[in-house]
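K.L.:
One structure follows; several queries about it will come next.
The numbers here are math on the coordinates, done by the rules we state, and not lab data. Computed from a prediction, not measured in an experiment: that's the story for all the values here. All Cβ positions, even for glycine, are placed from backbone atoms using ideal geometry, and neighbour counts span all protein chains on display.
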Amino acid sequence: MNLIVMKDYKEMSRQAALLIAASIALKPNLVLGLPTGKTPLLMYKELVIIYQNGFVDFTNVTTFNLDEYAGIGRDDRNSFYRYMQDNLFRHININNKNIHIPDGTARDLKEECRRYEEAIRKFGPIDLMILGIGHNGHIGFNEPSDEFIAETHIERLTSKTRRAYAKYFGSISKVPTKAITMGLGTIMMSRKIILIASGRDKAEVIRRAFKGNITPKCPASILRLHQDCTFLIDRDAASLIDK
Ligand code: F6R
């Protein structure tokens, strides 16, 4: 596992955006895996700036998002689809048909998981997977569990995760109880993985993922078995690694 520690959130975000742009320069038809959440917000902003300056072309890029809430439609202001449109897609020249996000309102969610997994197999493997990390060690919405689940599946969100997301919904009771998420096997099949994290509140989970046991109780710990995974984090998030 590689570790890159940047001075702060801004530097980390810029570095992540540069790495995405450089990967597209090297492979214009890159298959890119993307997260939502608070952490990647500035990375997306920086990427839009790089695009506006003419340094990156998304025409042939294909994207796969990690997850989507069950029961939340694309137009809902809390959907990850909407998040991606607002923060990245509508600011760049990506082809709509190359954007993939699970449909949380599909009538048959299990079938939707199968369809999503198949699409990743068809276009993939993912060349570059960008991940965030939850305070409980989740990546995508793969919550702590007794087993690692390989493929795209429906995950019951833990109360810790629902509490963390309550700020977007107004109250915890409004946060969906389930989500569709890419599985850990599919994430691990990505050619290159970059996990971004910032802030002191992420330091303990970064320490566990980076140095603790490899266990489904901390899903991000599985990344240590990947041959090309980098933790690109800021000083605060790295502050407990050597302790
Ligand atoms: C969301 C996702 C999650 C987040 C994680 C951290 O698509 O994949 O694993 O990356 O919950 O979220 P923030 O960045 O809001 O702390």
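K.L.:
Counting just the residues of region 54-66 that are in a loop (DSSP other than H, G, I, E, B) and not hydroxyl-bearing (S, T, Y), which one comes out surrounded by the most Cβ atoms within 10 Å (Cβ to Cβ)? Lay out the reasoning, then the answer.
P.N.:
First, pick out the residues of region 54-66 that are in a loop (DSSP other than H, G, I, E, B): 54-61, 66.
Now restrict to residues that are not hydroxyl-bearing (S, T, Y): 54-58, 60-61, 66.
Working: G54: 7, F55: 13, V56: 22, D57: 15, F58: 21, N60: 13, V61: 23, L66: 27.
The selected residue is L66.
K.L.:
Taking into account only those residues within region 11-53 that are part of a loop (DSSP other than H, G, I, E, B) and away from the ligand (no atom under 12 Å from the Cβ), which is nearest to G134 (Cα to Cα)? Explain how you work it out, then say what you get.
P.N.:
Step one: of region 11-53, the residues part of a loop (DSSP other than H, G, I, E, B) are 27-30, 35-40, 53.
Adding the requirement that they be away from the ligand (no atom under 12 Å from the Cβ) leaves 27-30, 53.
Working: K27: 30, P28: 31, N29: 30, L30: 26, N53: 32 Å.
Among residues in region 11-53 that are part of a loop (DSSP other than H, G, I, E, B) and away from the ligand (no atom under 12 Å from the Cβ), the one nearest to G134 (Cα to Cα) is L30.
K.L.:
For region 51-93: of the residues being aliphatic (A, V, I, L, M) and within 17 Å of L18 (Cα to Cα), which is farthest from the chain's Cα centre (by Cα)?
P.N.:
Restricting attention to region 51-93, the residues satisfying the condition of being aliphatic (A, V, I, L, M) are 56, 61, 66, 70, 72, 84, 88, 92.
With the extra rule that they be within 17 Å of L18 (Cα to Cα), the set shrinks to 56, 61, 88, 92.
Details: V56: 21, V61: 17, L88: 14, I92: 19 Å.
Ranking the candidates gives V56 first.
K.L.:
Cβ contacts < 7 Å: first residue within 13 Å of H91 (Cα to Cα), restricted to region 25-54; second residue within 16 Å of the ligand (Cβ to nearest atom) and not in a helix (DSSP H, G or I), any location; separation 6+ or different chain. Result?
P.N.:
Pairs found: Y44/L88; L47/L88; V48/L88.
K.L.:
Mind counting the residues in region 87-115 that are within 14 Å of the ligand (Cβ to nearest atom) and either more than 27 Å from V56 (Cα to Cα) or out of contact with any Phe, Trp or Tyr (no Cβ under 7 Å at 6 or more places or on another chain) (or both)?
P.N.:
First, pick out the residues of region 87-115 that are within 14 Å of the ligand (Cβ to nearest atom): 87-88, 100-102, 104.
Of the ones still in play, those that are also either more than 27 Å from V56 (Cα to Cα) or out of contact with any Phe, Trp or Tyr (no Cβ under 7 Å at 6 or more places or on another chain) (or both) are 104.
Going through region 87-115 one residue at a time, the tally reaches 1.
K.L.:
Hey, can you tell me all the residues within region 193-219 that are in a strand (DSSP E or B) and in contact with a Cys (Cβ under 8 Å, 6 or more places away or on another chain)?
P.N.:
Here is the first cut: in region 193-219, the residues in a strand (DSSP E or B) are 193-197.
Of everything in region 193-219, those that are in a strand (DSSP E or B) and in contact with a Cys (Cβ under 8 Å, 6 or more places away or on another chain) turn out to be I193, I194, L195.
K.L.:
Is it true that some residue in region 64-72 is among the hydroxyl-bearing types (S, T, Y), in contact (Cβ under 8 Å) with a residue 60 or more places away in the chain and within 14 Å of the ligand (Cβ to nearest atom)?
P.N.:
Residues of region 64-72 among the hydroxyl-bearing types (S, T, Y): 69.
Next, only the ones that are in contact (Cβ under 8 Å) with a residue 60 or more places away in the chain stay: 69.
Next, only the ones that are within 14 Å of the ligand (Cβ to nearest atom) stay: 69.
Yes; the residues of region 64-72 include at least one that is among the hydroxyl-bearing types (S, T, Y), in contact (Cβ under 8 Å) with a residue 60 or more places away in the chain and within 14 Å of the ligand (Cβ to nearest atom).
K.L.:
Going through R114, R90 one at a time, which residue ends up being free of Cβ contacts under 8 Å to residues at least 24 places away in the same chain and either of a type in the set (V, I, T) or farther than 21 Å from A166 by Cβ (or both)? Outline the logic, then answer.
P.N.:
Numbers: R114 fails: free of Cβ contacts under 8 Å to residues at least 24 places away in the same chain.
Exactly one of R114, R90 is free of Cβ contacts under 8 Å to residues at least 24 places away in the same chain and either of a type in the set (V, I, T) or farther than 21 Å from A166 by Cβ (or both), namely R90.
K.L.:
Go through region 36-82 and report how many residues are over 19 Å from H100 (Cα atoms) and not hydrophobic (A, V, I, L, M, F, W, C).
P.N.:
Number of matching residues: 8.
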